[in-house]
1. Conditions first: (1) buried (at least 19 other Cβ atoms within 10 Å of the Cβ); (2) touching a residue at least 12 places away in the same chain (Cβ under 8 Å). Residue B:147 passes all but one, so which condition is the exception?
2. Could you tell me whether any residue of segment B:167-179 is over 20 Å from the mean Cα position of the chain (by Cα) and more than 13 Å from every other protein chain (Cβ to nearest Cβ)?
3. How about segment A:135-153: which of its residues are in contact (Cβ under 8 Å) with a residue 24 or more places away in the chain, at the interface with chain B (Cβ under 9 Å from one of its Cβ atoms) and surrounded by fewer than 23 Cβ atoms within 10 Å (Cβ to Cβ)?
4. Which members of segment B:267-292 meet the condition of being under 27 Å from residue B:231 (Cα atoms), in contact (Cβ under 8 Å) with a residue 24 or more places away in the chain and crowded, with 24+ Cβ neighbours inside 10 Å?
5. From the list B:117, B:89, B:127, B:94, pick out the single residue that is closer than 17 Å to residue A:26 by Cα, in contact with a helix residue (DSSP H, G or I) (Cβ under 9 Å, 6 or more places away or on another chain) and more than 8 Å from chain A (Cβ to nearest Cβ).
6. What are the pairs with Cβ atoms under 6 angstrom where one residue, in segment A:254-280, is facing chain B (nearest Cβ under 8 Å) and touching a residue at least 12 places away in the same chain (Cβ under 8 Å) and the other, located anywhere, is outside any helix (DSSP H, G or I) and surrounded by 18 or more Cβ atoms within 10 Å (Cβ to Cβ)? Sequence gap at least six, or different chains.
7. Let me spell it out: the conditions are (1) at the interface with chain A (Cβ under 9 Å from one of its Cβ atoms); (2) out of contact with any helix residue (DSSP H, G or I) (no Cβ under 6 Å at 6 or more places or on another chain), and residue B:144 meets all of them except one. Which number is the exception?
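The values are calculated or read from the model by the stated rules, or taken from the named source; none is laboratory data. Everything numeric in this text was worked out from a predicted model, so none of it was measured. Cβ: placed from backbone, ideal geometry, glycine included. Neighbour counts: every protein chain shown.
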């Protein structure tokens, strides 16, 4: 005897259809970027377009990564500038954020709520409205055009974000561990340093990645504060390619791809932390 | 009397907790310099007429004139409408796409992790990349969408998406959604994990169909995370600058101009910092209102952990 034939699960099929749609929407622009980046300029500027490059070439990538020609020289310099600024921002932000996040998570000092809300509220304001006063501040400090001005201003978003993320991680570390250490005679600071810090390493890594990606992708401050071409970071520098070689779309797509590689690699390797950092706080576990 | 004893209590508390402040102090100093001071100075500047050479010692106090200028300017109404359309449309569509993707991915199957990662890539890379890629896709002569439309017989000739006052804003919204829907997806996927399997199974045993299971079991569990997600999307959209600035610069003829691009243009295009500051303060006020709900949504149950 056989059971009745299982009815078709329409919802499952609707889900598959939707996935296909959303996947197409997401992936096609990326594929088109890659396909364009392996075309010659002549091939890209055709109508109707070559859907598949007739003569695929890596020439655009070679040009960008070859330090002996001027395009490659510029590109690699922007790359290095971006890396250096993002790394400095991350380091500074995380070091300052760790004790603050810990205090917000564990201590109940007067003003805690107010201070923590001000940290949160910073995330509500766009970079653009901070530009004018920070520009004057940087001019007063003689830092306009320097990488230091970027590192300092990137803290406006890097620091609140780091505090917020790290606090979430500390909240999830059971307080009983510290209490046990205290009973065994550790001071509060020792408990923090020897018990909590090692346990929060994943949180610190996640926060550092977040901070690095944010700084790597930053555009507004870099656009406004950096006036010398050899100090530009990638997002701003790449636009210069566009302005200078107004029609070199394959080159621009190759540069865009290379700019995205570090963040995508970081994201893929540490995806678990990234997702956790993103959803931290919004979902009560 | 009671008042003063409470003050003593506060002081005593502060003294008792004095070491706590050392942990927050470095962060506090940085925040004062790069966040509190700029906010204060923006408010101050908004009451002054600033010289074009930006020598602020020459600024002249003009009271509320900058606010009047902003609120009565010819473009304010249109830019505000654009801002609302941009924010609301991006938020709603990104949220719905994210919800659909989260629900579709909410079962074990091969390649699920890979799909999730792939969908997240646009959110991880810089909005500058998104802008440049889509600028090329929308290209008026060689753009791939325009060419596809011709190929499929939908259009006589390649379509001009971003240099057209009727389509510019909508085209940018599509880019914005492309970039951020996976943020909603990842938040809602995390939310879905809080839905107890036993409840869903029980509902299934009781004969509830898929829609009823979603509406009566899943949806209530997603309420909190949905609120936070929508708020964060709204804030991000309200504040987004890169996509409109790179792709159209607010054009053509202001068709895609929103508050943020307008403020940037006022400050760094026309050097009218007083007016731009007043504009910023108006934006602050709107954001504070949103921020109030954000903090409220986030701090549910925050005081359970305490030493």
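1. Of (1) buried (at least 19 other Cβ atoms within 10 Å of the Cβ); (2) touching a residue at least 12 places away in the same chain (Cβ under 8 Å), only one is false for residue B:147: (2).
2. Keep residues of segment B:167-179 that are over 20 Å from the mean Cα position of the chain (by Cα), which gives B:167.
Now drop any that are not more than 13 Å from every other protein chain (Cβ to nearest Cβ), which leaves B:167.
There is at least one residue in segment B:167-179 that is over 20 Å from the mean Cα position of the chain (by Cα) and more than 13 Å from every other protein chain (Cβ to nearest Cβ).
3. A:135
4. B:277, B:278, B:279, B:280
5. Working: B:117 fails: more than 8 Å from chain A (Cβ to nearest Cβ); B:89 fails: closer than 17 Å to residue A:26 by Cα; B:127 fails: more than 8 Å from chain A (Cβ to nearest Cβ).
Matching residue, one of B:117, B:89, B:127, B:94: B:94.
6. Between residues of segment A:254-280 that are facing chain B (nearest Cβ under 8 Å) and touching a residue at least 12 places away in the same chain (Cβ under 8 Å) and residues that are outside any helix (DSSP H, G or I) and surrounded by 18 or more Cβ atoms within 10 Å (Cβ to Cβ), the close pairs are A:263/B:125.
7. The number of the failed condition is (2).
Residue by residue, here is whether (1) more than 14 Å from every other protein chain (Cβ to nearest Cβ); (2) surrounded by 14 or more Cβ atoms within 10 Å (Cβ to Cβ); (3) farther than 30 Å from residue A:167 by Cα; (4) in contact with a helix residue (DSSP H, G or I) (Cβ under 8 Å, 6 or more places away or on another chain) holds:
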residue	(1), (2), (3), (4)
A:19	no, yes, yes, yes
A:24	no, no, yes, no
A:32	no, yes, yes, yes
A:44	no, yes, yes, yes
A:69	yes, no, yes, yes
A:89	no, yes, no, yes
